[in-house]
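Just below is one structure, and these are the notes that go with it.
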Amino acid sequence: MNDESMRVLREMHAPQGFLYGVLRRVGLLDAYALVASPVGEVYVAAGDAGVTAVMPAQDAATFEARYRARFGRRAERRDELAAQFEKAIAQGRTADVDLRECTPFQRAVLEATRRIAPGTVRPYAWIAREIGHPRAVRAVGTALANNPVPLVVPCHRVVRSDGQLGEYALGGGRKIDVLEGEGVDPDEVRRRMRTREFWGEEGEPSYCYPYCFPAHRLPERKLIGFSSVREAQEHGLTPCKTCHPPLAA
């Protein structure tokens with residue numbers, strides 16, 4: 001290689017964003033932005049595989065420190081990605097998420113939670129049964145309290161079996177705000193879950209958990225409450241294929 005070639009190489013500069021792209025590809029650096037959400041501004045971070053974190057913080061430096069402590073890698077602010085991250089929050093359960101940092105149990109909990117449709121809720125016990133650990137209700141609650149991507153994985157749609165809303169990764173008051181924004185009345189959730197264990201609709205063949213879509217949007221006169229699986233089955237009803245209530249007590 002002659003002197004002229006060496007001079008050209010020394011004067012070459014990598015394209016803007018090249019280093020960021022390389023570090024992100026090899027998993028050493030993620031991107032984040034401050035975005036609007038149903039609970040106010042939050043920091044959202046993502047890597048190549050999807051959203052990794054949704055987190056409130058008092059400022060960017062605090063978020064970066066918390067992110068590095070939790071995930072063991074840096075996140076670089078990229079404000080041009082804010083619209084993309086806002087879309088991920090809006091898409092919720094259909095957005096790409098990266099749950100590789102979670103334990104297998106927590107991943108199972110969060111994947112089951114992703115199946116809960118907007119405007120509906122499920123009890124913690126439903127999640128436990130869906131993932132094959134019916135007695136692990138408390139562990140399910142812990143997994144959801146540590147959800148790294150609230151709003152994207154809708155842990156706000158999981159409540160206690162008595163109708164109380166329970167804990168929320170972004171704070172209890174914010175859980176009410178998000179549910180009400182989806183058309184859920186928390187007081188009605190509590191009333192229905194305390195009054196009857198299951199509900200059916202006149203003329204329909206299945207029984208559901210309280211607030212299984214679309215039962216909560218029906219006029220009260222069209223709903224029939226049941227105190228047990230046996231009572232529902234005595235009316236000739238079968239388990240709902242959406243919320244999967246138990247087939248037998």
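Computed from the coordinates by the stated procedures, all read-outs in this text should not be read as laboratory data. Predicted model only: the values in this text are computed from it and were never measured. Ideal geometry is used to build each Cβ from the backbone, glycine not excepted, and the neighbour counts take in all protein chains shown.
Before moving on, here are some points about what is shown:
- Sites residue 146 and residue 62, calculated FRET efficiency, Cβ-Cβ separation with R0 25 Å, nearest 0.05: 0.85
- For residue 74 and residue 180, the difference between the fully extended length at 0.36 nm per residue and the C-alpha to C-alpha distance is 34.7 nm.
- Sparse packing (at most 13 other Cβ atoms within 10 Å of the Cβ) combined with a DSSP loop state is found for the following trypsin sites (Lys or Arg not before Pro) in region 134-214: 135.
- Cβ-Cβ distance of residue 84 and residue 115, R₀ of 25 Å, FRET efficiency by 1/(1 + (r/R0)^6): the value works out to about 0.60.
- Cross-link partners for residue 175 among the lysines, with Cα-Cα distance under 27 Å and sequence neighbours closer than 8 places in the same chain left out: 87, 241.
- Potential extension, residue 228-residue 248 segment - 0.36 nm per residue separation minus Cα distance: 6.3 nm
- Fully extending the segment from residue 36 to residue 167 would add 44.9 nm, taking 0.36 nm per residue of separation and subtracting the current Cα-Cα distance.
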